[in-house]
Amino acid sequence: MLFKNARIENSAASSDIRVTDGVFTEIKSQIEPLQSEETLDLNGNLVLPPFIESHVHLDACLTAGDPVWNMSGTLFEGIECWSKRKDKLDEQDIRERVNRCVRMYAQNGVQYIRTHVDVTDPELTALRALVALREELKDIAEIQIVAFPQEGILSYPNGKQLMRDAVALGADCVGAIPHFEFTREYSVESLNFALQLAAENDRLVDVHCDEIDDEASRGLETVAARALELGLFDKVTASHTTAMHSYNNAYVVRLMRLLKMSRINFVANPLVNTHLQGRMDSYPKRRGVTRVKELLEEGINVSFGHDDICDPWYPMGYGSLRDVVFLGLHVCQMMGYEEIMNSYRLITDNAAKTLHITGRYGIKPGNPANFIVMDAENWYDALNRSAAVLKSVRNGKTIAEASPARGRVLL
Ligand code: FE2
């Protein structure tokens, strides 16, 4: 199949893309169609690699208000609400919600999803369901599963064994939550345990790290040190790191050296952390998003995630990573022209590094023919006008499409 007139990744000129048996085979300015080859004109619209959700909690998605709403808007009340909802979790409930949510993502051009799944559950109900769904939904999205100990590894009964079991059942990544452990000692031990478990089982790591406004929360340095010492490097990701927003600058300068040596990835979740953080402040209220701009300037990889879709921690969301980038650029003060134009990388190439899939991701010959077409000339335009994802193509097949909204002023 031949796709004509694609404006790939903000390029001023358009290109043609040939896809054969679900793989990109040729990309250049003009390709003549073969006899009887199907051809589709993309009309100079923006073509990007599919969006990547590098941080979400699919097991909790679409449960906001069930059985209670989070009234304080804090992370900790969210965890309380969730522990009430967990009693009602069963496989059917998870299947129904995850199927709906992954399709919402598909409509927004997302084809890769890293989901954290709560494993502080003696039955591992959600984890087992997500392992099955990862296979069943693979034609819509590639799902990576993080064994996420929502209520702690050392601070939850049998927490270490549940993590080992989750890995044995097929979790792709090992998680941790150092800021929620009972003590600082537990926090350090939980990280030592998690990274060791990943190293022994050849898994990736993604830690909910210092998601708190406590400037003394120092899980990040332990994550980075263990990533370096165990040789895990960019297999390791630190998510949230909102305490870094509140660290003193002298400490950040010291820390930055270790972060660069460790080569770990970061995921910031601007929608959710501007909502959850700063809740103990009066005024001024901290934004609570990690130092994205400064990390990027140091050459450290950062991607953006949605984190929550209508759940106890965030009452909104429909799978649009465009909204995440739009808010994130404001909050992180990254509104220079080049920063805006290149910000799609926060949910494409940078996220591919986080998910460790760079070898088979992107619009180039030899890769799976996965891409999206947006109703815009370039990303600046797409972001500003909240342009529709006209088409999402996966392995050469269209899996979602939309018609452009067109309005007119009558006076
Ligand atoms: Fe999260």
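The values are calculated or read from the model by the stated rules, or taken from the named source; none is laboratory data. Just so you know, these numbers come straight off a predicted model, no measurement behind them. All Cβ positions, even for glycine, are placed from backbone atoms using ideal geometry, and neighbour counts span all protein chains on display. SASA here: full protein model, heavy atoms, side chains in, ligands and nucleic acids out. Shrake-Rupley method; radii C 1.70, N 1.55, O 1.52, S 1.80 Å.
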Item to check | Charge dipole (the chain, unit charges on Cβ, about Cα centre) - positive-most of A12, T241, Y344 | outcome: A12
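Evaluate the charge dipole of the chain about its Cα centre and quote only its size in Debye, nearest 20, assuming +1 on the Cβ of each Lys and Arg and -1 on the Cβ of each Asp and Glu.
Values: 44 positive and 57 negative charges, 144 e Å.
It comes to approximately 700 debye.
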Item to check | Proximal lysines relative to K235, as straight alpha-carbon distance under 27 Å, when same-chain residues fewer than 8 apart are discounted | outcome: K138, K160, K260, K293, K353, K364
Checklist entry - If you place +1 on the Cβ of every Lys and Arg and -1 on the Cβ of every Asp and Glu, how big does the dipole about the Cα centre of segment 277-358 come out, in debye to the nearest 20? => result 180 debye
Next on the checklist: If you roll a 1.4 angstrom probe over the protein chains with everything in place, what fraction of the accessible area of the chain belongs to carbon and sulfur, to the nearest %?
Outcome noted: 50 percent
Next on the checklist: What's the ranking of 164-177, 398-411 by average number of surrounding C-beta atoms within 10 Å, highest first?
Outcome noted: 164-177, 398-411
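Averaged over every viewing direction, what's the projected area of the C-alpha convex hull for segment 289-411? Give it in nm², one decimal, please. Walk me through the intermediate numbers first.
Working: hull surface 41.2 nm².
Taking the Cα atoms of segment 289-411, their convex hull projects to 10.3 nm² on average.
May I ask you to give the solvent-accessible area per residue for segment 51-360, in square angstrom, as obtained with a 1.4 angstrom probe?
38 Å²
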Checklist entry - For the chain, list the DSSP H helices whose alpha carbon atoms reach 18 Å or more along the long axis and whose average Kyte-Doolittle value is -0.5 or above? => result 184-201, 249-262
Checklist entry - Per the helix-only calculation at 222 nm, which mean residue ellipticity applies to the chain, given -39500 (n - 2.57) for every DSSP H run of n ≥ 4 and division by its residues, nearest 500 deg cm²/dmol? => result -10000 deg cm²/dmol
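Report the antiparallel proportion of the DSSP beta bridges in segment 51-360 as a percent, rounded to a multiple of 5.
Values: 1 of 28 bridges.
Looking only at bridges with both residues in segment 51-360, the antiparallel portion is about 5 percent.
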Next on the checklist: With only alpha-carbon atoms in the gyration tensor, what are the semi-axes of the equivalent ellipsoid for segment 327-391, in Å, largest first?
Outcome noted: 23, 17, 9
Next on the checklist: I'd like the per residue volume of the convex hull spanned by the Cα atoms of the chain, given in cubic angstrom.
Outcome noted: 161 Å³
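Sort 29-38, 251-260, 310-319 by the packing proxy (mean of other Cβ within 10 Å over each peptide's residues), most packed first. Please list the in-between numbers first.
Working: 29-38: 9.6, 251-260: 14.4, 310-319: 20.9.
Order by mean packing, descending: 310-319, 251-260, 29-38.
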